[in-house]
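Student: I am attaching a structure below and will ask some questions about it afterwards.
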Amino acid sequence: MSELGRVVTELQVKGLRDGSLKGNRGRRGGAGPSDHRALEFDGTTVMVPIYNDASSLSPYSLDACGDGVALNGLQQEVPTSVSTTDEPTFYGLSTADGVPYRSIALLHSRSVLATTLLQTCIRFRDRSQSCQFCAIEQSLEDGATVVRKTPDQVAEVAEAAVRLDGVTQLVMTTGTPNSDDRGARLMAETAAAVKQRVDLPIQGQCEPPDDPIWYERMKQAGIDSLGMHLEVVSPEVRRRVLPGKSELSLERYYEAFADAVAVFGRGEVSTYLLAGLGDSRDALLDCSRRLIDLGVYPFVVPFVPISGTPLENHPSPETSFMVDVYQGVAELLHQGDLRSERMSAGCAKCGACSALSLFEHTS
């Protein structure tokens, strides 16, 4: 078993107290890895929660030490080198009409550009229907972003991020709009604009569109990899955590995955599985096995409670539970010959929000 994998797992479920160290501070709220910041462990970049309430109670801290930083509190042997990542150069730029680049896209991990194209969702304002962990509109309310990023804005920022900061991939997600394409049209339009400006691998993330023709349209527009996220899988957990989204049945998702793999290829479609919200180890492994058989990469991450959401006080999973799940999924990936590093782009390709890839390499 990867010792680094266990260390990263422990930090991602317990969080980290961070003494306001310099570098890329990450962000609070919003979509994607919220309340996290990126850290380097012996050259491996990971996202660790530092801004949520649970992290303030963490037994682990990151403190200044001479010219560098020190990770304190771990009992097991820690990596020999721990460092923060630099704030990207493109954060200092703005569009011609005065919109800061960082309001359009953010740097995740060390070299991943990420943007939420539509910062609203048809379900978010009704908490009886919204995903209970979601904080998509928090950064909008804080004035940190804009409600809708245009294709030209994203393309402009992507070109600058590649040129100035060596970004190697773009991840585009979206709140779900009130349309049958579920955001696929906006994904396609934006991907086409980006590819006209810069040759950058792109993952799009949206709910399954009603018409499967959108998979081909997204692919032709320049999207290389697709994410459609289950989050949780047991029926009772889906109803509790995803009251509105769970109206799309698991079988509907599996059909959509099969349609998407037929277009994007085996290993180029992925889904998030949030461990720690009530799904058992067996439920997560059974789902992962079916996904892998379809050619879909199950990107398992530990649930991180985000401040200001209905689940802000829900406990994170235990380290031992996560390690057990990681080991099981890693073995299934090995048997199915799926590897995160082979993907063109996306969260699983990056891997920083999970320790799964560290176990994948040891299975």
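The values are calculated or read from the model by the stated rules, or taken from the named source; none is laboratory data. Since the structure is predicted, the reported quantities are computational estimates derived from the model, not experimental observations. Note that we place each Cβ from the backbone using ideal geometry, even for glycine, and neighbour counts take in every protein chain shown. Remember, those area values only see protein heavy atoms, side chains included, never the ligands or the DNA or RNA. Shrake-Rupley method; radii C 1.70, N 1.55, O 1.52, S 1.80 Å.
Student: Looking only at the stretch 102-133, which residues are modelled with pLDDT of 90 or more and part of a loop (DSSP other than H, G, I, E, B)?
Tutor: ILE104, ALA105, SER111, LEU117
Student: A further question follows. State whether one or more residues within the stretch 343-350 are within 17 Å of the chain's Cα centre (by Cα), under 26 Å from PHE124 (Cα atoms), open to solvent by 20 Å² or more (accessible area, probe 1.4 Å) and of a type in the set (A, V, I, L, M, F, W, C). Quick ask: steps written out before the conclusion?
Tutor: We begin by selecting, within the stretch 343-350, every residue within 17 Å of the chain's Cα centre (by Cα); these are 343-350.
So of that shortlist, the ones also under 26 Å from PHE124 (Cα atoms) come out as 346-348.
If we keep only those that are open to solvent by 20 Å² or more (accessible area, probe 1.4 Å) too, we end up with 347.
Still in the list and also of a type in the set (A, V, I, L, M, F, W, C): 347.
So far as the stretch 343-350 goes, yes, one or more of its residues are within 17 Å of the chain's Cα centre (by Cα), under 26 Å from PHE124 (Cα atoms), open to solvent by 20 Å² or more (accessible area, probe 1.4 Å) and of a type in the set (A, V, I, L, M, F, W, C).
Student: Could you list, in sequence order, all residues of the stretch 151-194 that are among the β-branched types (Val, Ile, Thr) and touching a Pro at 6+ places or on another chain (Cβ under 9 Å)? Walk me through how you get there before you give the answer.
Tutor: Looking only at the stretch 151-194, we keep the residues that are among the β-branched types (Val, Ile, Thr), and these are 154, 157, 162, 167-168, 171, 173-174, 176, 190, 194.
Result: VAL167, THR168, THR190, VAL194.
Student: Moving to a separate point now. Could you list, in sequence order, the residues of the stretch 170-209 that are open to solvent by 40 Å² or more (accessible area, probe 1.4 Å), free of Cβ contacts under 8 Å to residues at least 60 places away in the same chain and assigned to a loop (DSSP other than H, G, I, E, B)?
Tutor: Result: ASN178, ASP180, ARG182, ASP199.
Student: Out of all the residues in the stretch 339-363, which are closer than 24 Å to ASN52 by Cα, part of a helix (DSSP H, G or I) and touching a helix residue (DSSP H, G or I) at 6+ places or on another chain (Cβ under 6 Å)?
Tutor: ALA348, LEU356 - these are the residues of the stretch 339-363 that are closer than 24 Å to ASN52 by Cα, part of a helix (DSSP H, G or I) and touching a helix residue (DSSP H, G or I) at 6+ places or on another chain (Cβ under 6 Å).
Student: Please verify whether GLU141 is modelled with pLDDT of 90 or more, of a type outside the set (Lys, Arg), open to solvent by 40 Å² or more (accessible area, probe 1.4 Å) and over 22 Å from GLY92 (Cβ atoms), treating the condition exactly as stated. Quick ask: steps written out before the conclusion?
Tutor: Numbers: modelled with pLDDT of 90 or more: no; of a type outside the set (Lys, Arg): yes; open to solvent by 40 Å² or more (accessible area, probe 1.4 Å): yes; over 22 Å from GLY92 (Cβ atoms): yes.
Against the criterion (modelled with pLDDT of 90 or more, of a type outside the set (Lys, Arg), open to solvent by 40 Å² or more (accessible area, probe 1.4 Å) and over 22 Å from GLY92 (Cβ atoms)), GLU141 does not qualify.
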